[in-house]
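J.: Quick one: this structure, given as structure tokens, is what I'll be asking you about.
The values are calculated or read from the model by the stated rules, or taken from the named source; none is laboratory data. These numbers were taken from a predicted model, which means no experiment stands behind them. Here Cβ is always computed from backbone atoms with ideal geometry, including for glycine, and neighbour counts include all displayed protein chains. For the accessible areas, the whole protein counts, side chains as well, though only heavy atoms, and no ligand, DNA or RNA atoms are used. Shrake-Rupley method; radii C 1.70, N 1.55, O 1.52, S 1.80 Å.
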There are 2 protein chains.
Amino acid sequence: MPSPTAGRILSIQSHVAFGYVGGKAAVFPLQCLGYDVDVVNTVNFSNHSGYGRFGGSRATAAELAKMFELMEQNGLLLCERLLTGYVPGAEALAAVKDLAIRMKQKNPELIYLLDPVLGDSGKLYVSPECIPIYREALQYSTVITPNWFEVEVLTDTKITDPASLRKALRVLHETYHVPNVVISSIPLKVWLRAALPSSAQPPHTTNTDADFLACIASSTEGTPGSEGGTAPSAVHARCIPCLPGYFSGVGDLFSALVLGHFQPAPSVPSSSPAPSGEAEESPLAYAVAHALSKTHAILTLTHEHAKDLPEDDRLPTDEELDAREPERKVRRMRGRELRLIQGQDVLRGANKTEYFRMVPWTGFWDEP
Amino acid sequence: MPSPTAGRILSIQSHVAFGYVGGKAAVFPLQCLGYDVDVVNTVNFSNHSGYGRFGGSRATAAELAKMFELMEQNGLLLCERLLTGYVPGAEALAAVKDLAIRMKQKNPELIYLLDPVLGDSGKLYVSPECIPIYREALQYSTVITPNWFEVEVLTDTKITDPASLRKALRVLHETYHVPNVVISSIPLKVWLRAALPSSAQPPHTTNTDADFLACIASSTEGTPGSEGGTAPSAVHARCIPCLPGYFSGVGDLFSALVLGHFQPAPSVPSSSPAPSGEAEESPLAYAVAHALSKTHAILTLTHEHAKDLPEDDRLPTDEELDAREPERKVRRMRGRELRLIQGQDVLRGANKTEYFRMVPWTGFWDEP
């Protein structure tokens, strides 16, 4: 008998009419993977903010709370998985956090992927009042997918070397009780490159570090690391080739794919295209590798598309010229929207792509 | 060089967090067919109204107009196709109509599927002020998909026999200049059954009329009907087996699939599974046959799923018992949500299904 709650995800994040960020980057990929996705829109905007010109409406905390209440009354909060992304403002965020708590209480097996959308590259783009709310929500999460800056903000730790990276991860796991942390798209600084296990490093043929980004996954669950029982977590890492220019919605797509591929029971048969004979991947390493591989394939499609556009639609980023002629930026943004629809066979796993297997970071927790 | 406007649809209709009506029934199928779909939500509700308990927010006319203005300023209204469904209230509907006019002016080749959501089974569920706005919008449409009652309301014609049916279709084509009219899910009344061409009728093995619904498609374009040059349109019809009970969102799914499969140039290579050797289908007949076939396959999946649910989740409709115990209805509704995700291979055309080819209704326009 089919279960009414099998394969169901509640996604709470932003909506844009045009293009692929927030829910528009997350929902379709999850549907392609076979999930019924319930969709609560925290904002309804015309397009993402990168266009310069954008607008629409924001759901208030009261509207969100009312929506969740109605869904609860109708027995529609039975999903096994929860995905939360951008929520506008601290009050609305508190309503989402309260929902996550209720859902976790009702179903302790809830798989909650929390993407703590705070900012990027040293800049907050939500109110600072959101920070303590996210910190409180962390304990209910199964997986979090912060970027580098968000890890620094949440843990109040400037990450500048292996010791501060260890400290930040320890705070997330031990102070905030997050079982699984994934940090993707990390700029490959010299110290980080030097610290990475050699098999996780970019191939030697590449001269410039700027061509690669690192991804780190740290899990207190699943396969024990080679560190034995004393390390706070098993850490995996991988470098991925970085495509030129900026694409919006990549983090939202990646987080959705991590959730979609996360199978908490390690005994679940793996459809991994990794060569047989290799060691079984941990649930987090498996999910992250699939998410990295598919995200990279979609970005490659998007990049290929963008570079074939007329020259006017792919002018390089130039803040001065963009400010003088806003259409310049709009045209560039339009041409760089993710090619999710054209890449749906990739999302579904029907088109095989390069597999970025995560590499165990042996000795990560060892003090030098 | 890929065109930035190829295969793009703007969908303007309702959004529900849980389940599949409005945009949730339309967008995913169109994405599966390879369209980039831009999505403007006219309402953001928890679930469809059939649950009894539902709520959320409605976009105001000003919010919709502002959204369209921003999209226009950003050059994001270049899509080739427009799909409009439920819009709450006359003012908001007028904003959508104004957008359709602007889009049609900018691009006379725009393919606009207008679903004039007014009501069903003799009951209006929008304000009567919406009627003249829909009438004005009709002239900008390429295809409309009213139900039987909506045809009566729009044409101010009670349809009770072949003559009144001819009159209503003539009003839509000639007074309101609609090139393509599709009326689906028509109860198979005795006069209609008698009037249908024999090859469009249900198989003789079936005794009860209630097991079938009729679908009529009438087009002033494409392959000329056998009526010659004097008939207002070429009419096709088909009966489809009717599954027991009520399913929500079926009309929204059907309209989306008609738009998705509508190829205005008859020379476009057809991927129709119809036996080769038969006459080429007109663009409308082709689109409607595909939409009927896929919708029927999804309904069959949904019906199969619903009948395997625990008994409490599939109690039959009983207004008295439902009123006494609202949860009864909620459970029934939950179990009958369309199985779009599970049926995505059907939507995509990867799983072959029974093909409901439309039958030319020769002599439709002949007065007796």
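J.: If you take every DSSP beta bridge fully contained in chain B, what fraction is antiparallel? Give it as a percent rounded to 5.
T.: Here the share of antiparallel DSSP bridges comes out near 50 percent.
J.: Evaluate the Debye formula for the stretch B:313-368 with equal point scatterers sitting on the alpha carbons, no solvent, and hand back log10 of I(q)/I(0) at q = 0.28, 0.31 Å⁻¹, in q order, two decimals.
T.: Evaluating at q = 0.28, 0.31 Å⁻¹ gives log10 I(q)/I(0) of -1.06, -1.14.
J.: Round to the nearest 10 and report in Å² the accessible area of residue A:319, as given by a 1.4 Å probe over the protein chains' heavy atoms.
T.: The value for residue A:319 is about 150 Å².
J.: Taking all pairs of distinct Cα atoms, average 1/r, flip it, and tell me the Kirkwood hydrodynamic radius of the protein assembly as shown in Å to one decimal place.
T.: 27.3
J.: Right, here's the next one. Gap in Å between the Cα centre of the stretch B:319-368 and the Cα centre of the stretch A:25-66?
T.: 28
J.: A further question follows. Report, please, the projected area of the stretch B:85-125 averaged over directions, based on the convex hull of its C-alpha atoms, in nm².
T.: The directionally averaged projection comes out at 3.2 nm².
J.: Order B:140, B:112, most accessible first, counting only protein heavy atoms with a 1.4 angstrom probe.
T.: Order by accessible area, largest first: B:140, B:112.
J.: So the label point sits 7 Å from Cα along the Cα-to-Cβ vector; using that for residue A:314, what distances do you get to the other copies, in nanometres, sorted shortest first?
T.: Ordered by increasing distance: 5.3 nm.
J.: A further question follows. Starting from a label point 7 Å past Cα on the Cβ side, list the distances from residue B:129 to the same position in the other copies, nm, shortest first.
T.: Residue B:129 label point versus its equivalents elsewhere: 3.6 nm.
J.: Another question, if that's okay. Placing +1 at every Lys and Arg Cβ and -1 at every Asp and Glu Cβ, with all other atoms neutral, what dipole size does the stretch A:73-195 have around its Cα centre, in debye to the nearest 20?
T.: The dipole of the stretch A:73-195 has a size of about 280 debye.
J.: What are the label-to-label distances in nm, one decimal and shortest first, from residue A:149 to the same spot in the other copies, with labels 7 Å along Cα to Cβ?
T.: Reported distances to equivalent positions: 5.3 nm.
J.: When DSSP beta bridges are limited to those with both residues in the stretch A:38-195, what percentage is antiparallel, rounded to the nearest 5?
T.: Details: 5 of 13 bridges.
Within the stretch A:38-195, antiparallel bridges account for around 40 percent of the total.
J.: Among residues other than residue A:153 whose Cβ falls under 15 Å from its Cβ, what is the net charge (Lys/Arg +1, Asp/Glu -1)?
T.: -3
J.: With a/c under 1.5 counting as rounded, go ahead and sort chain B into rounded, prolate or oblate using the C-alpha gyration tensor (a ≥ b ≥ c being the square roots of the eigenvalues; past the cut-off, prolate if a/b is larger than b/c, else oblate).
T.: rounded
J.: If you don't mind, there's one more thing I want to ask. From the gyration tensor of the Cα coordinates in the stretch B:61-129, what semi-axes in whole Å does the equivalent ellipsoid have, largest first, with each one equal to sqrt(5λ)? Walk me through the numbers before you get to the answer.
T.: Values: eigenvalues 117, 43, 13 Å².
Equivalent ellipsoid semi-axes, largest first: 24, 15, 8 Å.
J.: Express in Å², to the nearest 10, the accessible area of residue B:117 obtained by rolling a 1.4 Å probe over the protein heavy atoms while all chains stay in place.
T.: Accessible area, nearest 10 Å²: 20 Å².
J.: Heavy atoms of the protein only, probe of 1.4 Å, neighbouring chains included. What is the accessible area of residue B:189 in Å², nearest 10?
T.: 100
J.: Now, a different point. Apply the a/c threshold of 1.5 to the C-alpha gyration tensor of the stretch A:1-113 and tell me whether it is rounded, prolate or oblate.
T.: Cα axes put the stretch A:1-113 in the oblate bin.
J.: Using a 1.4 angstrom probe on the protein heavy atoms only, line up A:104, B:167 by accessible area, largest first.
T.: B:167, A:104
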